[in-house]
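First the structure, in the form of structure tokens, and then the observations on it.
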Amino acid sequence: MAHLRVSLLAFFSILAASVLTQSPLNPAEQDALYRILDSVSPGTPWRHLFPDDLCSSAPHGVACDFFSATPHVTELSFGYVSDYTPNPPCSPNSTLSPSLLAPLPYLRKLMFYKCFSHTETPFPDFSALSHTSSSLEELIFIENPALIGSLLGRIGNLRRLRRLVLTRTGVSGCISDWIGEFTDLEQLTLSRNRFSGEIPTNVFRNMTKLKILDLSENALEGAVPESIGSAAALVKVDLSHNGFSGKIPENLTCLKKVEFLDLSYNKFGSFGFPLALAEMPSLKEVYLSGNFLGGEIPDIWEKMRGIMGIGLSSMGFVGSIPKSMGVQLRNACYIGLDNNMLRGVVPRELGELQFVSELNLENNNLSGRLPFSAEFLSKLGGKLKLEGNLDLCIDEAFNSPKLHVHINLCRKPYVSKNALFQDSACPIPTLPFLALLLGFLGLFM
């Protein structure tokens, strides 16, 4: 025990000595960091608030790491997110000159959250950087609507990028061949911007490390590049709310790791339901709503048992709802089949889905009695949407405001005066019966 105490004392003595003798941040990096802080949040006395070494005592959002026992700035995150991540706040007059980053040769991450929201600011030109261009791995701009211009020619030398995130900005232009040169990218999120035009066919051919592809809410058009099948590491694909057209690529079958696929609200043609989805074994969520694909919903659900959410709204589907959806989709939490032209009865099996929390069947041509139990109706409440099916009805016993089911009541079965004959197991021939009756009456004439 005494030996252990001596060893621990020696360890902490060495640790304390190393802290006391820690090399300070390079003066050039220290000064560059002050100038960057002044640029993003002018008016804040950064040098007065943080007069000491900025790697030992820095505002939240500034991170350092050691290289050969020497500290260097590795991460800069600007824009107040929450009390848990109080990054240096951005002012309405925030600016950024990439030349300020030049003295930071080990910078790996640069993030701006709601920093460029008032005065229009051109997207920073990183092309002149040398040392930083070889080290920057994450470039992130989130909620910066006043950021404008194009990416073309401005980030081409940042070849070590693993994450490029640009969401809700005013940046525009095309997504051309240059994006395919970032072969180390793991995440490409360019959502809610103003990108337009067609994407080149081979753009994803060499992006074998890409795991997240999100190009949603732009004005992109044309066919989805066939080369998307080469990005076999993809886990999430979101191309929703664009103008993509033609046929949904059949080589989606190559994307065996994709768990989330959203192609909704584009202009894909009426080629029917894409059967390739059944060959994507990892799929958990798939959304195709708003594309008029037409045809019937195929019976392929045995191969899609892992589905947790599926959106097939406003797709021009006809025919009936396959019973197998209720049998096989045991993990489903959300099913949307609304605003189609589906006919027939609602499969009883849908009401046996244990985890479903929202089921939308409204605005179809469904008919017959609703086969769900009171327990199922109570569980879903207002998340069970059935309106717009004029021939669909519910038993009066389930007609309670608490169940939030707004469809017609089923009529009670009509019992005629001839029910004695009509309910017979063997139908009575009409003509022989009439002949017998007339013959009987003739005895009294």
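The values are calculated or read from the model by the stated rules, or taken from the named source; none is laboratory data. Just so it is clear, the structure is predicted and the values come from calculations on it, not from any experiment. Cβ sites come from the backbone with ideal geometry, for glycine too, and all protein chains shown count toward neighbours.
Criterion applied to Glu285, Glu217, Glu250, Glu259 was being of a type in the set (D, E, K, R) and surrounded by fewer than 16 Cβ atoms within 10 Å (Cβ to Cβ), and the one residue passing it is Glu250.
Residues of the range 137-168 being surrounded by fewer than 17 Cβ atoms within 10 Å (Cβ to Cβ), more than 20 Å from Tyr80 (Cα to Cα) and of a type in the set (Gly, Ala, Ser), which ones? Once the filter is applied, which keeps residues that are surrounded by fewer than 17 Cβ atoms within 10 Å (Cβ to Cβ), more than 20 Å from Tyr80 (Cα to Cα) and of a type in the set (Gly, Ala, Ser), the range 137-168 yields Ser150, Gly153, Gly156. Counting only strands (runs of 3 or more DSSP E) that sit wholly inside the range 154-271, those with at least 3 residues that are modelled with pLDDT of 95 or more and either in contact with a His (Cβ under 9 Å, 6 or more places away or on another chain) or closer than 17 Å to Phe141 by Cβ (or both) are 163-173, 187-189.
All of Pro105, Pro27, Pro71 fail the test of being modelled with pLDDT of 85 or more and touching a His at 6+ places or on another chain (Cβ under 6 Å), apart from Pro105.
Listed conditions (1) farther than 28 Å from Asp214 by Cβ; (2) in a strand (DSSP E or B); (3) of a type outside the set (Ser, Thr, Tyr) are all met by Asn93, apart from (2).
Ser373 passes every criterion in (1) modelled with pLDDT under 95; (2) of a type in the set (Ser, Thr, Tyr); (3) within 16 Å of Met325 (Cα to Cα) apart from (3). Residues that are acidic (Asp, Glu) number at least 1 in the following strands (runs of 3 or more DSSP E) confined to the range 276-342: 285-287.
Got at least one residue in the range 168-178 being over 23 Å from Ile148 (Cα atoms) and touching a Leu at 6+ places or on another chain (Cβ under 8 Å)? Scanning the range 168-178, I find no residue that is over 23 Å from Ile148 (Cα atoms) and touching a Leu at 6+ places or on another chain (Cβ under 8 Å), so the answer is no.
Restricting the search to the range 96-125, which residues are assigned to a strand (DSSP E or B) and of a type outside the set (Lys, Arg)? Matches in the range 96-125: Leu110, Met111, Phe112, Tyr113, Thr121, Pro122.
Each row is one residue, and each column tells you yes or no for (1) under 26 Å from Arg194 (Cβ atoms); (2) without any contact (Cβ under 8 Å) to a residue 40 or more places away in the chain; (3) surrounded by fewer than 19 Cβ atoms within 10 Å (Cβ to Cβ).
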residue: Ser91; (1), (2), (3): yes, no, yes
residue: Leu104; (1), (2), (3): no, no, no
residue: His118; (1), (2), (3): yes, yes, yes
residue: Pro124; (1), (2), (3): yes, yes, no
residue: Ser127; (1), (2), (3): yes, yes, yes
residue: Ser135; (1), (2), (3): no, yes, yes
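One residue stands out in the range 349-384 among those that are hydroxyl-bearing (Ser, Thr, Tyr) and outside any helix (DSSP H, G or I): the one that is farthest from Ile407 (Cα to Cα), namely Ser357. Of all residues in the range 26-57, those satisfying the criterion of being in contact (Cβ under 8 Å) with a residue 24 or more places away in the chain and of a type in the set (Gly, Ala, Ser) are Ala28, Ala32, Ser39, Ser41, Gly43, Ser56. The set of residues from the range 137-153 being over 10 Å from Phe123 (Cβ atoms), part of a strand (DSSP E or B) and small (Gly, Ala, Ser) comprises just one member, Ala146.
For Leu275, are the conditions met, namely being surrounded by fewer than 18 Cβ atoms within 10 Å (Cβ to Cβ), within 18 Å of Gly306 (Cβ to Cβ) and either in contact (Cβ under 8 Å) with a residue 24 or more places away in the chain or within 15 Å of the chain's Cα centre (by Cα) (or both)? Taking the combined requirement at face value, the residue satisfies it. A search for C-beta distances below 8 Å between a residue of the range 253-270 that is within 14 Å of Ala232 (Cα to Cα) and any residue that is of a type in the set (S, T, N, Q), counting only pairs 6+ apart in sequence or on different chains, returns Cys254/Ser230; Lys256/Ser282; Lys257/Ser282; Val258/Ser282; Glu259/Ser282.
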